[in-house]
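*Asks:* Here's a structure for you.
The values are calculated or read from the model by the stated rules, or taken from the named source; none is laboratory data. Only a predicted model underlies this, so the values are computations on that prediction, with no experimental measurement involved. Cβ placement follows ideal geometry from the backbone for every residue including glycine, while neighbour counts extend to all protein chains displayed. With ligands, DNA and RNA removed, areas are computed over all heavy atoms of the protein, side chains included. Shrake-Rupley method; radii C 1.70, N 1.55, O 1.52, S 1.80 Å.
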Amino acid sequence: MSAITAQALPNIAFIKYWGNRDEKLRLPVNGSISMNLDGLFTRTTVSFQPSLPFDELVINGHDVAGPGLDRVSAILDLVRGMAKIEERAEVVSENNFPSGAGIASSASAFAALALAASKAAGLELSEREFSRLARRGSGSAARSVPAGFVEWQAGTSDEDSFAFSIAPPEHWALMDCIAVISAAHKKTGSTEGHALAGTSPLQAARVGDAPRRLDICRRAILERDFEALASVVELDSDMMHAVMMTSSPALHYWQSASLAVMQAARQWRGDGIPACYTVDAGANVHVICPEKEAKEIATRLRLIQGVTDVLTARVGGPAKFLEENLGD
Ligand code: PMV
């Protein structure tokens, strides 16, 4: 069987996913909306080989065993089940963004794996099926499959919990300026974090209000209304962090520099510069702005103490197979 290579981009959620109804199937408690991040990518090559006794995983040139490999093997098992094959696979994956920069790679990684593994196994899946398969590896990976601005509908079962594009990348020239802030402690990973979300007394309120925030966000994107987008994106990020900070045990991801960036973004917006912040399960702050403001914002972000780097990303396309497969 041939080796297949696929590429997927990370995404930043405007309306966040935090907490599962079903941990094993990764069915979320609420829907979410994100934008894909162009220029940052994971490329993954998968080949099923009769001679291999076990699945093998190499990430950025390093052999990976233990829980990292188990999580990949679980996706390969789903693919083997669908394709009715037994062969073990070699999986070789590269990220073009620095692993120490705190940019989560699980979304791009599992989206690229879903495409490459299923095609390498001889399956022809639809975008919806790729999204469902990617979801099983990492919930947010479901959103890295379709293009541009993407909504993941929570759904009620494995079948209807998938993501779809609500607008293509060229719909709105937004940019994500990622202020990289080094975290002093190793953070609690999102898989563990999702399991704690229900311990916060605030989670029910966050989830109950999610359909309203999703509606506002979806409409703001469709109407290219930056002010409306900015308010709901900041509200949603703050609500998720309120849940994180009030779960048992409590999860505090912000560093003092994170707060400094968040306050600066609000200040800039007050001064008439369109910018808003959103923070995932880490210390980095994503500052979203129209493309024409990005240069100025990146310059300003670099001046904030504790910001070690700024990465910028336009709105990106879908997960895809790479040309090099075509000759196979
Ligand atoms: O896909 P996971 O399990 O890494 O969860 C992602 C969680 C957040 O990044 C905090 C929010 C989101 O919707 O991307």
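*Asks:* So, by mean Cβ neighbours within 10 angstrom, what's the order for 226-238, 245-257, 280-292, 42-54 with the highest one leading?
*Replies:* Taking the mean over residues of other Cβ atoms within 10 Å, the ranking is 280-292, 226-238, 42-54, 245-257.
*Asks:* Provide the per residue accessible area, probe 1.4 Å, for the range 245-328, rounded to a whole number of square angstrom.
*Replies:* Per-residue accessible area for the range 245-328 comes out at 50 Å².
*Asks:* If only Cα atoms are counted, what is the Rg of the chain, and what is its Dmax, in Å?
*Replies:* Rg, Dmax (Cα atoms, Å): 19.2, 63.
*Asks:* Could you list the square roots of 5 times each eigenvalue of the Cα gyration tensor of the range 4-169, that is, the equivalent ellipsoid semi-axes, sorted largest first and rounded to whole Å?
*Replies:* 24, 18, 14
*Asks:* Kindly flag which residue pairs out of LYS24/LYS292; LYS119/LYS292; LYS119/LYS295; LYS24/LYS320 have an alpha-carbon separation exceeding 32 Å in this structure.
*Replies:* Going by Cα-Cα distance, LYS24/LYS292; LYS119/LYS292; LYS119/LYS295 fall outside the 32 Å limit.
*Asks:* Here's a follow-up. Counting only protein heavy atoms and using a 1.4 Å probe, what share of the accessible area of the chain belongs to carbon plus sulfur, as a whole percent?
*Replies:* Roughly 53 percent, rounded to a whole number.
*Asks:* Also, I was wondering about something else. Return the whole-Å distance between the Cα centroid of the range 1-74 and the Cα centroid of the range 205-238.
*Replies:* Taking the Cα centre of the range 205-238 as reference, the centre of the range 1-74 is 27 Å away.
*Asks:* Let me ask something else about it. Put a dot 7 Å past each Cα toward the Cβ at GLN153 and ASP209; how far apart are the dots in nm?
*Replies:* The two pseudo-label positions are separated by 2.5 nm.
*Asks:* Relative contact order, percent, of the chain when contacts are C-alpha pairs under 8 Å separated by at least 6 residues?
*Replies:* It comes to 25 percent, rounded to a whole number.
*Asks:* Output wanted: per-residue J couplings in Hz (rounded whole) for the range 13-20, from phi through Karplus 6.51 cos²θ - 1.76 cosθ + 1.60, θ = phi - 60°, x for Gly and Pro.
*Replies:* 7, 8, 10, 8, 9, 8, x, 10
*Asks:* Sort MET262, MET82 by heavy-atom solvent-accessible area, probe 1.4 angstrom, most to least. Before the final figure, lay out the partial values.
*Replies:* On the way: MET262 10, MET82 90 Å².
So the residues, ranked largest to smallest area, are MET82, MET262.
*Asks:* Oh, and also: Taking θ = phi - 60°, what integer Hz values does the Karplus form 6.51 cos²θ - 1.76 cosθ + 1.60 yield along the range 201-210, in sequence order, with x for Gly and Pro?
*Replies:* With coefficients 6.51, -1.76 and 1.60, one gets x, 8, 4, 4, 5, 4, 5, x, 8, 4 Hz.
*Asks:* Taking amide H positions as placed in the peptide plane 1.01 Å from N, state which residues far from LEU57 in sequence (5 or more) or on other chains have amide H under 5 Å from it.
*Replies:* VAL64, VAL91
*Asks:* Counting heavy atoms of the protein chains only and a 1.4 Å probe, report the per residue accessible area for the range 1-107 as a whole number of Å². Don't skip to the end; give the middle numbers.
*Replies:* On the way: 4550 Å² over 107 residues.
Per-residue value: 42 Å².
*Asks:* Classify the range 184-328 as rounded, prolate or oblate from the Cα gyration tensor: take a ≥ b ≥ c as the square roots of its eigenvalues, call it rounded if a/c is under 1.5, otherwise prolate when a/b beats b/c and oblate if not.
*Replies:* Rounded, since a/c falls under 1.5.
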